[in-house]
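Participant: I am attaching a structure below and will ask some questions about it afterwards.
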Amino acid sequence: MYSKKNLIATFTLFLVFMAFHAQADIYRCANENGSVTLSNVEKGQNCKKMILPPPDSKRPISAKTDTLNKSTPASDIKPVEKSKGSYDVAAAERKRIIQEEMDLEKVRLNAVQTRVKELTALPNKTPEQMKDLVALQQKENLHSSNLQILQKELNK
């Protein structure tokens, strides 16, 4: 029979092993209407697994942001203070995400504006077309407003 110390040691090693190998996959899923959701579960064909850097990487900041430039000698890479480097990486990622959202909003706005122009050009509109036109104009205002808010966030 195992002694209490052996059981505790075995259990501790098991927990350390599980924590070391614990990893969450994150999936980016795009819907037909263009909205994006993030999930830890793959929810269909429109989901793509995201490849994220390790949360507490030991590499210097210049190596994290310039992974494609392999010609930089190791002697030229200077370590950056951890808190400042983490902040800079987080700020750059934030800006990238905001810019991606702005691009999506622009695509949505252009699609709505195209449909508004098509409906406006019709000489005799049915009541259903008028209803669609009003709804599209509201969407147009929403997308324009979202773009303004995202631009303000990007400028911070």
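The values are calculated or read from the model by the stated rules, or taken from the named source; none is laboratory data. Given the structure is predicted, the values throughout are model-derived calculations rather than measurements. Don't worry about glycine lacking a Cβ; one is built from the backbone with ideal geometry, like all the others, and counts go over all protein chains shown. Areas reflect the complete protein model, heavy atoms only, side chains present, ligands, DNA and RNA absent. Shrake-Rupley method; radii C 1.70, N 1.55, O 1.52, S 1.80 Å.
Participant: Kindly state which helices (runs of 4 or more DSSP H) lie completely within segment 38-156 and contain at least 3 residues that are closer than 18 Å to Arg28 by Cβ, at pLDDT 90 or above and of a type outside the set (S, T, N, Q). Quick ask: steps written out before the conclusion?
Facilitator: Numbers: elements: 61-65, 82-121, 127-155.
Result: 82-121.
Participant: Same structure again: Tell me whether segment 125-134 contains one or more residues that are aliphatic (A, V, I, L, M) and under 28 Å from the mean Cα position of the chain (by Cα).
Facilitator: Within segment 125-134, not a single residue is aliphatic (A, V, I, L, M) and under 28 Å from the mean Cα position of the chain (by Cα).
Participant: Are there any pairs, at least 6 apart or on different chains, whose C-beta atoms fall under 6 Å, with the first in segment 121-133 and within 17 Å of Ala111 (Cα to Cα) and the second in a helix (DSSP H, G or I) and open to solvent by 100 Å² or more (accessible area, probe 1.4 Å), and if so, which?
Facilitator: If the second residue must be in a helix (DSSP H, G or I) and open to solvent by 100 Å² or more (accessible area, probe 1.4 Å), no pairs are left.
Participant: Shifting gears a bit: How many residues are more than 30 Å from Leu154 (Cβ to Cβ) and not acidic (Asp, Glu) when one looks only at segment 102-132?
Facilitator: The total comes to 12.
Participant: For segment 85-110, how many residues are under 24 Å from Asn33 (Cα atoms) and without any contact (Cβ under 8 Å) to a residue 12 or more places away in the chain?
Facilitator: Going through segment 85-110 one residue at a time, the tally reaches 6.
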